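In what follows, a single structure is set out as structure tokens and then discussed.
The values are calculated or read from the model by the stated rules, or taken from the named source; none is laboratory data. The structure displayed is predicted, hence computed values, not measured ones. Cβ placement follows ideal geometry from the backbone for every residue including glycine, while neighbour counts extend to all protein chains displayed.
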Amino acid sequence: MRLAGQDSRKLLTKLRDTLAEDGDGQERLDHITQLVSKSMGTQVCSIYLRRDRQTLELCATQGLKKASVHQTRMRYGEGLVGRVAQEAIPINAEDATKEKGFRYMPETGEERYSSLLGVPIQRLGEVLGVLVVQSRKKRKFTDDEVYALEIVAMLIAEMKELGAFVGAGEAMTAPHQRALMFQGASAQEGSAQGTVLLHDPQIVIANPVADNPKAEKKRLSKAMDQLRISINDLLKANKASAANDEQRDVMEAYRMFANSKGWMKRLRASIDSGLAAEVAVEKEQSATRARMARVPDPYLRERLHDLDDLSNRLLRQLTGQGRQAGDAIPENAVLVARNIGPGELLEYGKSLKGIVLEQGSVGSHAAIIARAWAIPMVIHAKRITVDALNGDAILVDGDQGIAHLRPDESITAAYSEKMAMATQAKERYATIKDKPALTKDGVRFELLMNAGLMVDLPSLKSSGAEGVGLFRTELQFLIRNKMPMRDELAGLYEHVFDAADGKPVTFRTLDIGSDKVLPYFRPEEEPNPAMGWRAIRVGLERKAVMRMQLQALLRASKGRPMRIMFPFVAQFEEFQQAKAMLNKVYKNEKRLGHRVPSELKVGAMLETPSLAFAPNQFFEMTDFISIGGNDLKQFFFAADRENERVRSRYDTLNVSFLTFLELICKRCFDLGTPVSFCGEDAGKPLEALCFAAMGLRTISMRPSSIGPVKNMLRGINLAEARKVIDAARVSGDQSVRKTMQAWLDQQS
Ligand code: PEP
Ligand code: MG
């Protein structure tokens, strides 16, 4: 039997009416199976829905034994139905028993049927179930019939999303309504309660069936035209700004797809079959995603990815949903994303309550920003972007690396208690804010904070930091879409000086490259950007930018004392060259009559092991050294800080790393060079304790860590800690963590 566009439309309209009728989810599903088997002229129609990530459950059937409903289950990949789910492609078998993977299920009584057609019920590439028709007579279903069944499956997917089948059993719940827990990893401690804000939101379609295909096609054409205009505009803008070739390639690919006749034809055909324009786009998108998963060629996969992205744009255009640039952030927003770069995170701003990522790493700059802002952050929450919808309730447990999506009352109550306790701890830290970081045996520490944005500056007062040990100047560059001008920068830096109110601030010159990519200054593609052309290496070659920044810094001082340091110095000569540049700019500023700093200290960041072994003259020439533990650790262990899988293998409290830190401290003491530590680990009390035992006395950390670290230092005897750590270092243990944690626990 052949289902022409009009028949298919009639069927869809009937199905929609069924769904609109009163009744429970089971009745609706039953009714669908009756209607489909009747209109397709088959003896059987069954709907299998996903029960969990690996299991399908028979939820309704016309033709198979009723007793097997909600009893028959299969795993993805098991039998023909399981294969449809796993591979997300239709199976059209004239003789099902001969088909690869056929599994006989006696409880359903299906042996009487020879032919089978199964199509995935999927939404945006996610398989939610399988729709199957079977016939007694041997037959191959026509392409039109396959297509018609796919259209029905599409409708079922949309209705499931809307909760139309909620009723008997887990498998029938709407995918986005149940409570879910995601166990990931912690990137910033703390708990937060809020609502989901998806970085790339899913579209909700209220009416998947369209009665008027003509009007629907008009809507599609209009959205398409709009899309083409915006792509052309983007292309033009990119040409004007001489964006790199790769970006242009992507845009050209977009243009090609947007003009692709085949794509348009398929979209129109789906509309003719009765689907709303949005659902037609989703149908194509699902097919693209399924194809994407199967294509081994990375280039082709990228192009399919472009098409996927284009579909998203078209959906946003059609529905008006999704975030537009400049939209305000809703209250209590918890950002949920696959991954996010530092620039994008900065755009969202500090008002986010929490961040949950599917990927990400503790060492990434996005995580560093989240920590600077003390925003609880969970990474590696697998598939959360599929399960979360904008506006869903969410709880972020940054201590344990857990996110609770749509949590039930008992969980919410438990967290309220936890959050109250955190508030109490904060109050305790506030009482020691103005007290010195002095250990019980009288060792005095200098606790500084890391900063980079204007919004960080009020923390200088509220945290009790004695100054800014690391001001990451590149963050100001990352939040802009064009290179800031010298005067604008000078104004910003002056503001930092003013806000510091006499407390020392160490400005680090631009550290771009690696994951800190400026949209208007893309370094070349390179295989290992973290070890590539970044930081001082860029500064020494792109002299104009560095000179401009140095001028802005010197001018901002207005005669006040100033500290400048260069990032990622790997050898003495780089420091000499950078310092020579600074001296030249300094002399020129003076000559031009600008007020120069009353005192200028120039330091280097020690972020590569090589610098620890630099000649003595390097240590004598630098006014201070700041250990950038994030980079130093990644190069010491050869473990990418962005790659959680390898990063987490190596403990910062590994005996080798601590001994290396001790060696650096010793060289600095022997040669009279002040040394500090400014990597992220300094903000953890246990790590800070071990660094202190290795000889560090100045540490710079995120503002929210100053209270906990000071509280720890005031409660310990450092000489005693040193004895314990020394014993642990020779015990043969790989890390001192266990021993030192146990010791620290005894102190309070
Ligand atoms: C570091 O590497 O430890 C550091 C402080 O610099 P960044 O994290 O900005 O690379
Ligand atoms: Mg660094």
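Per-structure values
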item: Meets criteria (over 25 Å from GLU170 (Cβ atoms) and in the same structural domain as THR142 (by TED's automatic domain parsing)) for LEU64; result: no
item: Residues of region 662-696 classified as part of a helix (DSSP H, G or I), over 22 Å from SER364 (Cα atoms), out of contact with any Lys or Arg (no Cβ under 8 Å at 6 or more places or on another chain) and of a type in the set (A, V, I, L, M), total; result: 5
item: Residue identified as within 16 Å of ligand 2 (Cβ to nearest atom), assigned by TED's automatic domain parsing to the domain that holds ALA614, closer than 29 Å to LEU447 by Cα and not small (Gly, Ala, Ser) among LYS516, LYS579, LYS558, LYS503; result: LYS516
item: Residues being away from ligand 1 (no atom under 16 Å from the Cβ) and out of contact with any Lys or Arg (no Cβ under 8 Å at 6 or more places or on another chain) - total across region 601-615; result: 3
item: Filter result for MET531 (within 13 Å of ligand 1 (Cβ to nearest atom), of a type outside the set (Gly, Ala, Ser), surrounded by fewer than 20 Cβ atoms within 10 Å (Cβ to Cβ) and more than 30 Å from PHE445 (Cβ to Cβ)); result: yes
item: Positions within region 345-387 being within 16 Å of ligand 2 (Cβ to nearest atom) and closer than 20 Å to ASP640 by Cβ, in sequence order; result: SER361, VAL362, GLY363, SER364, HIS365, ALA366, ALA367, ILE368, ILE369, ARG371
item: All positions within region 558-587 that are within 16 Å of ligand 1 (Cβ to nearest atom) and assigned to a loop (DSSP other than H, G, I, E, B); result: ALA570
item: Cross-chain or 6+ apart pairs with Cβ under 7 Å, region 617-628 first and acidic (Asp, Glu), then within 16 Å of ligand 2 (Cβ to nearest atom); result: ASP623/GLY603
item: Residue match in region 641-649 (condition: in a loop (DSSP other than H, G, I, E, B), within 15 Å of ligand 1 (Cβ to nearest atom) and not polar (S, T, N, Q)); result: yes
item: Subset of region 601-616 that is within 14 Å of ligand 2 (Cβ to nearest atom) and assigned to a loop (DSSP other than H, G, I, E, B) - its residue that is farthest from the chain's Cα centre (by Cα); result: THR608
item: Filter pass, MET154 being assigned to a helix (DSSP H, G or I), within 27 Å of GLU21 (Cα to Cα), modelled with pLDDT under 85 and not small (Gly, Ala, Ser); result: no
item: Qualifying position, being at pLDDT below 95 and not assigned by TED's automatic domain parsing to the domain that holds TRP373, among GLY683, GLY715, GLY732; result: GLY683
item: Residues of region 18-50 that turn out to be surrounded by fewer than 19 Cβ atoms within 10 Å (Cβ to Cβ), touching a Lys or Arg at 6+ places or on another chain (Cβ under 8 Å) and at pLDDT below 90, as a count; result: 1
item: Some residue of region 591-599 being away from ligand 2 (no atom under 16 Å from the Cβ) and among the basic types (Lys, Arg); result: yes
item: Per-region count, region 626-640, residues acidic (Asp, Glu) and away from ligand 1 (no atom under 11 Å from the Cβ); result: 1
item: Among (1) within 16 Å of ligand 2 (Cβ to nearest atom); (2) crowded, with 16+ Cβ neighbours inside 10 Å; (3) outside any helix (DSSP H, G or I), the one test that GLY539 misses; result: (3)
item: Verdict on PHE691 being within 16 Å of ligand 2 (Cβ to nearest atom), free of Cβ contacts under 8 Å to residues at least 60 places away in the same chain and touching a strand residue (DSSP E or B) at 6+ places or on another chain (Cβ under 7 Å); result: no
item: Inter-residue pairs, beta-carbon under 6 Å, first closer than 19 Å to GLU488 by Cβ and at pLDDT 95 or above and in region 544-569, second β-branched (Val, Ile, Thr) and part of a helix (DSSP H, G or I), 6+ apart; result: ARG547/VAL585; LEU550/VAL585; GLN551/VAL585
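Per-residue answers, yes or no, for (1) aromatic (Phe, Trp, Tyr); (2) buried (at least 19 other Cβ atoms within 10 Å of the Cβ); (3) within 18 Å of GLU680 (Cβ to Cβ); (4) over 29 Å from the mean Cα position of the chain (by Cα):
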site	(1), (2), (3), (4)
PHE619	yes, yes, no, yes
ASP623	no, no, no, yes
GLY628	no, yes, yes, no
SER656	no, no, no, yes
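Okay, residues lined up against (1) at positive phi; (2) surrounded by 20 or more Cβ atoms within 10 Å (Cβ to Cβ); (3) touching an Asp or Glu at 6+ places or on another chain (Cβ under 7 Å):
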residue	(1), (2), (3)
ALA179	no, no, yes
GLN183	no, no, no
GLN188	no, yes, no
PRO213	no, yes, yes
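Let's see how each residue does on (1) within 16 Å of ligand 1 (Cβ to nearest atom); (2) without any contact (Cβ under 8 Å) to a residue 40 or more places away in the chain; (3) in a strand (DSSP E or B):
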position	(1), (2), (3)
LEU314	no, no, no
PRO330	no, no, no
ASN339	no, yes, no
SER351	no, yes, no
ALA370	yes, no, no
